[in-house]
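What follows is one structure encoded as structure tokens, with my remarks underneath.
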Amino acid sequence: MTQLTTTRCSGAEITPHVDALAALRIRVFRGFPYLYDGDVDYERDYLATYERSPRSLAFLVYDGDALIGATTALPLADEEPAFRQPLEDAGFDVLRVFYFGESLLLPGYRGQGLGHRFFDEREAWAQAAGDFRHACFCAVQRPADHPLRPPGYEPLDRFWHKRGYRRRDDITAVYAWQDIDAARETDKRLTFWLRPID
């Protein structure tokens with residue numbers, strides 16, 4: 001393995017990395033619990049939200065020329081209504097919330113501290129980006145008896161708790177994508193996790 005290199009980019013600076021980021025999202029999110037049957041055009045449309053936001057972040061990790069990890073974030077006010085509305089309905093000022101998109105890491109690079117690095121990078125970016133009071137993200141909910149749940153699968157709840165995030169079962173988003181074992185897109189419910197920004 002070559003030495004890993006990292007880069008931070010924001011807004012239009014993300015554009016040269018979009019195809020690599022789309023491919024990484026498709027590959028990682030194919031696994032449980034997302035089970036996402038990815039599509040490049042869908043990904044480009046999704047990532048355009050980050051390209052348009054002047055205060056967005058894409059923190060990218062490369063092994064040589066290969067993108068092997070990434071994490072994203074942006075002000076919640078710049079996100080799609082599907083993610084803004086649940087927080088607004090719960091009484092949060094969306095202008096004071098920073099939304100953490102995804103953390104992506106190929107299996108061979110896990111367990112080396114990059115998961116913590118991804119949170120460190122996003123939290124520092126949110127602190128520097130303006131007067132934000134909360135950081136949040138959301139995670140898909142799958143039943144414990146889902147047929148594609150791998151043996152021994154453990155959700156990341158404990159890791160997120162250690163980072164100071166608290167699960168809010170009363171705040172959920174609905175977002176549609178096609179599962180790898182489905183013929184069409186279906187709505188998924190995602191639960192929000194939040195913590196104050198220090």
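Below are the figures for this structure:
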item: Given (1) in a helix (DSSP H, G or I); (2) modelled with pLDDT under 95, index of the condition Leu21 fails; result: (2)
item: Residue that is modelled with the lowest pLDDT, among those in the stretch 121-136 that are open to solvent by 50 Å² or more (accessible area, probe 1.4 Å) and either closer than 16 Å to Glu79 by Cβ or not small (Gly, Ala, Ser) (or both); result: Asp131
item: Filter pass, Asp37 being over 13 Å from Ala66 (Cα atoms), more than 16 Å from the chain's Cα centre (by Cα) and touching a residue at least 60 places away in the same chain (Cβ under 8 Å); result: yes
item: Members of the stretch 177-197 found to be charged (D, E, K, R) and either within 22 Å of Ala90 (Cα to Cα) or free of Cβ contacts under 8 Å to residues at least 60 places away in the same chain (or both), listed by number; result: Arg184, Glu185, Asp187, Lys188, Arg189, Arg195
item: Contacts under 9 angstrom Cβ, first residue in the stretch 154-176 being touching a residue at least 40 places away in the same chain (Cβ under 8 Å), partner exposed (fewer than 15 other Cβ atoms within 10 Å of the Cβ) and assigned to a strand (DSSP E or B), 6 or more apart; result: Thr172/Arg189; Ala173/Arg189; Val174/Asp187; Val174/Arg189; Tyr175/Asp187; Tyr175/Arg189
item: Subset of the stretch 98-107 that is in contact (Cβ under 8 Å) with a residue 40 or more places away in the chain and not in a loop (DSSP other than H, G, I, E, B) - its residue that is farthest from Arg195 (Cα to Cα); result: Leu105
item: Pro86, sole failed condition from (1) open to solvent by 50 Å² or more (accessible area, probe 1.4 Å); (2) at negative phi; (3) not in a strand (DSSP E or B); result: (1)
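The values are calculated or read from the model by the stated rules, or taken from the named source; none is laboratory data. Just so you know, these numbers come straight off a predicted model, no measurement behind them. So basically every Cβ, Gly included, is an ideal-geometry build from the backbone, and we count neighbours across all protein chains shown. Heavy atoms of the whole protein, side chains included, go into the accessibility calculation; ligands, DNA and RNA do not. Shrake-Rupley method; radii C 1.70, N 1.55, O 1.52, S 1.80 Å.
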